[in-house]
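The values are calculated or read from the model by the stated rules, or taken from the named source; none is laboratory data. Values in this document were obtained by computation on a predicted structure and should not be read as measured data. Quick reminder, even Gly has a Cβ in these numbers, built from the backbone with ideal geometry, and neighbours come from all protein chains shown. What goes into the accessible areas is simple: the full protein's heavy atoms, side chains included, and nothing from ligands, DNA or RNA. Shrake-Rupley method; radii C 1.70, N 1.55, O 1.52, S 1.80 Å.
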Amino acid sequence: MGRNNKPKGFSRGDDEEPMDIAKLRDGIKKTVFKNGIEFSLQTTSGKTVDGAKTWICPGCNISFGPGISHVVVWESALGVGKRRHFHNVCWQKFQGRLF
Ligand SMILES: [Zn+2]
């Protein structure tokens, strides 16, 4: 008699992300609410961004570039095309609208 104790029903498929955010997929995506507005939030190390791109953090108005761990945020209703890049701590403190 053989034993069959293999765990089953545990698939680790990683391909359930239909969004067009391929450049950002080294992070974790989640939905958060601030002031009754639904935001989508994506963490990123910034490493997957090509070129010498920089962003201006809406929280502190200081620019930063690739390689800085930060969050990408957009209002879920507006879509990922309206995203902004925040320092992690600035997003925590941020209140209001992105645009
Ligand atoms: Zn900032």
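Quick notes on this one:
- You will find that of PHE86, PHE39, the residue that is under 15 Å from GLY27 (Cα atoms) and of a type in the set (Phe, Trp, Tyr) is PHE86 and no other.
- Scanning the stretch 42-79 for residues that are hydrophobic (A, V, I, L, M, F, W, C) and under 14 Å from LYS30 (Cβ atoms) returns VAL71, VAL72, VAL73, TRP74.
- Here the stretch 30-57 is the region considered, the condition is being open to solvent by less than 70 Å² (accessible area, probe 1.4 Å) and under 10 Å from the mean Cα position of the chain (by Cα), and the residue that is modelled with the lowest pLDDT is SER45.
- Figure legend. Inter-residue proximity from the stretch 57-74: first residues over 14 Å from LYS93 (Cα atoms), second residues among the basic types (Lys, Arg), beta-carbon distance below 6 Å, spacing 6+ or different chains. Indicated pairs: VAL72/ARG83; TRP74/LYS82; TRP74/ARG83.
- Every residue from the stretch 58-81 that is at positive phi and open to solvent by less than 30 Å² (accessible area, probe 1.4 Å): GLY79
- Condition check for GLY96: touching a residue at least 40 places away in the same chain (Cβ under 8 Å), part of a loop (DSSP other than H, G, I, E, B), of a type outside the set (Val, Ile, Thr) and loosely packed, with under 14 Cβ neighbours inside 10 Å: yes
- Among the residues making up the stretch 46-78, those that are part of a loop (DSSP other than H, G, I, E, B) and in contact with a Gly (Cβ under 7 Å, 6 or more places away or on another chain) are GLY46, LYS47, ALA52, LYS53, THR54, PRO66, GLY67, ILE68, SER69.
- Count - residues of the stretch 58-99 that are among the polar types (S, T, N, Q), closer than 11 Å to LEU41 by Cβ and away from the ligand (no atom under 13 Å from the Cβ): 1
- Condition met for ARG84 (open to solvent by 60 Å² or more (accessible area, probe 1.4 Å) and at pLDDT 95 or above): yes
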